[in-house]
Amino acid sequence: MNYYIYYRSALPALQLVERVRAMHKELQTRCDVSARFFQQAADPTLWMEVYEDVQDESSFEAELTRLLSKHGIDQALAPNETRHIEKFIAR
């Protein structure tokens with residue numbers, strides 16, 4: 001399963017990148033999932049995390065939820081913003 005997660009952040013880019021990179025490092029260790037992180041070119045408040053080839057969805061999602069809180073990423077969202085999650089299967 002491939003996860004594409006996008007959201008708007010109220011944090012300055014460098015602060016958000018630090019938090020997300022730390023979270024990605026833990027996800028790699030705990031779930032053996034690599035991550036990519038993008039900033040939208042036309043809207044610097046819009047970000048996307050990409051997690052590909054997730055083998056154990058329930059463990060990954062539980063760990064992701066825990067780490068979002070631990071690293072303060074949920075608190076970094078812009079006002080009235082949520083994380084939007086899309087899941088795709090490679091064919």
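What the table below lists for this structure:
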item	result
Neighbour net charge for His71 - beta-carbon separation under 14 angstrom, K R +1, D E -1	+2
Note, ³J(HN,Hα) from phi for segment 13-25, Karplus 6.51, -1.76, 1.60, rounded to Hz, x at Gly and Pro	3, 4, 5, 5, 4, 4, 5, 5, 4, 5, 5, 4, 4
Cβ-placed point charges (K, R +1; D, E -1), dipole of the chain about Cα centre in debye, nearest 20	200
Simple spin-label estimate for Ser34 and Met1 in nanometres, 7 Å along Cα-Cβ	2.1
Stretch gain in nm, segment Ser69-Glu86, where the contour uses 0.36 nm per residue and the Cα spacing is subtracted	4.1 nm
Relative packing of peptides 17-23, 3-9 - highest average C-beta neighbours within 10 Å first	3-9, 17-23
For the chain: rounded, prolate or oblate by the Cα gyration tensor [a/c cutoff 1.5]	prolate
Amide H contacts of Ser34 (H built 1.01 Å from N, under 5 Å, at least 5 apart or other chain)	Glu52
³J(HN,Hα), Karplus 6.51/-1.76/1.60, whole Hz, each residue of segment 28-42, x for Gly, Pro	4, 5, 7, 10, 6, 10, 7, 10, 10, 9, 10, 10, 5, 5, 8
Accessible-area composition of segment 28-91, carbon plus sulfur, in percent [1.4 Å probe]	50
Computed [θ] at 222 nm, helices only, for the chain once each DSSP H run of length n ≥ 4 contributes -39500 (n - 2.57)	-12000 deg cm²/dmol
Normalised contact order of the chain, rounded percent, pairs of Cα under 8 Å and 6 or more residues apart	50
Long-range HN-HN contacts of Thr45 with modeled amide H, under 5 Å	none
Environment charge at Asp43 (Cβ cut-off 14 Å; Lys +1, Arg +1, Asp -1, Glu -1)	0
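The values are calculated or read from the model by the stated rules, or taken from the named source; none is laboratory data. None of the values given here were measured: they were computed from a predicted structure. Backbone-built Cβ (ideal geometry, glycine too); neighbour counts: all protein chains shown. Just the protein is used for accessible areas: all its heavy atoms, side chains included, with ligands, DNA and RNA removed. Shrake-Rupley method; radii C 1.70, N 1.55, O 1.52, S 1.80 Å.
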